[in-house]
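Written below as structure tokens is the structure these notes are about.
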Amino acid sequence: MTAPRHVFRWDLDKTYLYSEFERVRDLVKSALEKPADKRAVPGAPALLRALRQTPGHRICIVSGSPEQMRRALQAKLRLDGVEYDEFVLKDNIRNLVRGRFRALRAQIPYKLPVLLRSRAALDGSPPETLVGDDAESDALIYSLYADLLDGRIADDELPRIMAADRAYDDQIAEASALARRIPVAPGSVKRILIHLDQRSPTARFTKYGRRLVPIYNYFQAALILYADGVLTARQVLFVALEMLADDQYELPTLANSLQDLVIRGRLHRDTAVQLAAECTDAAAEGALAGHDELPPFEQIAESFKERVRVLGDVPPLEWPEADPKIDYVDLVDSDHSRRRSKRKS
């Protein structure tokens with residue numbers, strides 16, 4: 001396998017698709033749903049298509065959806081024009097047959113070995129961007145994976161973390177073996193994006209450091225990836241256009257989203273100004289051909305510029321040079337408590 005230029009790892013439910021899995025009937029409904037009836041989160045298909053345009057970008061989808069839904073989910077992605085290199089689903093039938101009932105819900109014992117196994121199969125040590133949501137434990141799992149690649153997790157620490165999430169012995173052994181096998185490559189995970197499907201407070205994620213950015217929508221994701229040098233202004237524009245074509249979004253909504261990132265210190269004001277200027281140039285070059293039903297892009301760019309102007313000089317959020325040392329065992333315990341309280345409410 002040729003070494004990828006950049007790896008993008010995406011969750012599916014509540015990250016790419018609107019999904020409800022809290023009750024058994026939700027699972028049944030999702031399983032019976034036709035591909036055309038499944039709803040993608042606005043902007044997510046456009047963002048994945050934009051990422052795919054760059055040669056060497058590798059897209060890996062890792063989902064807790066059951067393996068039995070593979071054909072329907074693949075059909076949905078084809079309908080959306082989304083291509084991928086790897087697609088991993090959870091084999092819960094196998095877990096049931098083997099009596100491994102803890103594995104049905106536990107997230108770290110499933111996702112972490114999948115991420116490590118995929119990384120171990122790659123040539124080189126490419127940079128990665130990870131995309132998940134706030135419904136389960138994606139922020140925790142992705143940060144743990146990033147810290148393993150950074151070499152910040154001691155050999156005896158990973159088994160304790162996985163045991164806290166009720167992992168089986170063979171899952172702990174596999175993850176530990178994979179972690180030892182993968183070369184340490186500090187800074188490999190460049191960005192973690194968490195889609196706030198549950199509208200969790202953004203302050204809940206501060207403990208993960210500046211590497212992780214909570215996002216309310218995929219225009220914000222595109223803005224962050226533009227700032228990271230992954231997307232061009234033209235690609236950000238096409239994500240915005242797809243979202244404006246959806247009834248949920250209007251131009252002021254996108255302008256508010258840009259403003260929110262600047263206020264939160266997640267997007268530098270100068271970067272926002274540069275984006276607006278480059279988008280104006282892209283529109284002049286004909287990037288909007290075939291989108292006559294949407295606002296003129298001069299109006300879109302001017303709206304973004306105006307939002308930046310009214311903010312004035314927003315001081316950047318101060319972050320430590322290195323991401324904080326995280327007590328993952330404590331986080332797993334807290335995560336279990338939070339989910340128990342949610343189920344009772």
Subject >> Potential lengthening between Asp169 and Ser200 on full extension [0.36 nm per residue; Cα-Cα distance subtracted] >> reply: 7.9 nm
**OP:** Return Phe87, Phe238, Phe219 ranked ascending by Cβ neighbour count within 10 Å, so the fewest neighbours appear first.
**Re:** Phe87, Phe238, Phe219
**OP:** Would you pull out the residues with amide H under 5 Å of Arg191's amide H, same chain only if 5 or more places away, H placed 1.01 Å from N?
**Re:** Glu128, Leu130
Original post:
Considering only DSSP states other than H, G, I, E and B, which trypsin sites (Lys or Arg not before Pro) in segment 189-254 qualify as loop sites with at most 13 other Cβ atoms within 10 Å?
Top reply: Arg199
Subject >> Restraint check, Lys76/Lys305; Lys90/Lys207; Lys14/Lys34; Lys111/Lys190, Cα-Cα greater than 27 Å >> reply: Lys76/Lys305; Lys90/Lys207
**OP:** Please check which bits of segment 198-233 a label hung off Gln248 would reach, taking the label as a point 7 Å along Cα-to-C-beta and the cut-off as backbone N under 17 Å.
**Re:** 198-201, 214-223
Subject >> Ser337 paired with Arg5, simple spin-label distance in nm, labels 7 Å along Cα-to-beta-carbon >> reply: 4.6
**OP:** Find how much the distance from Gln53 to Arg264 grows on full extension, using 0.36 nm per residue of separation minus their present alpha carbon separation; answer in nm with one decimal.
**Re:** 73.0 nm
Original post:
Most exposed first by the Cβ proxy, i.e. fewest other Cβ within 10 Å, how do Ile108, Ile215, Ile182 rank?
Top reply: Ile182, Ile215, Ile108
Original post:
What is the fewest-to-most order of Ser143, Ser334 by other Cβ atoms lying within 10 Å of their Cβ?
Top reply: Ser334, Ser143
Original post:
How many nm separate the modelled label positions at Ala177 and Gln68, each set 7 Å beyond the Cα in the direction of the Cβ?
Top reply: 3.0
**OP:** Mind listing the long-range amide H neighbours of Gly64? Cut-off is under 5 Å, sequence gap 5 or more, other chains count too, H placed in the peptide plane at 1.01 Å from N.
**Re:** Leu12, Asp13
**OP:** Set the Förster radius R0 to 22 Å, insert the Cβ-Cβ distance between Ser125 and Arg160 as r into 1/(1 + (r/R0)^6), and round the FRET efficiency to 0.05.
**Re:** 0.25
**OP:** Starting at the first residue of segment 192-203, write each ³J(HN,Hα) from the Karplus equation 6.51 cos²θ - 1.76 cosθ + 1.60 with θ = phi - 60°, in whole Hz, x for Gly and Pro.
**Re:** 10, 10, 10, 6, 7, 4, 8, 6, 4, x, 4, 4
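Values in this text are rule-based calculations from the coordinates and carry no lab data. What you see is a predicted model, and the numbers here were worked out from it, not measured in a lab. As a convention, Cβ positions derive from the backbone with ideal geometry for all residues, glycine included, and neighbour counts pool all protein chains shown.
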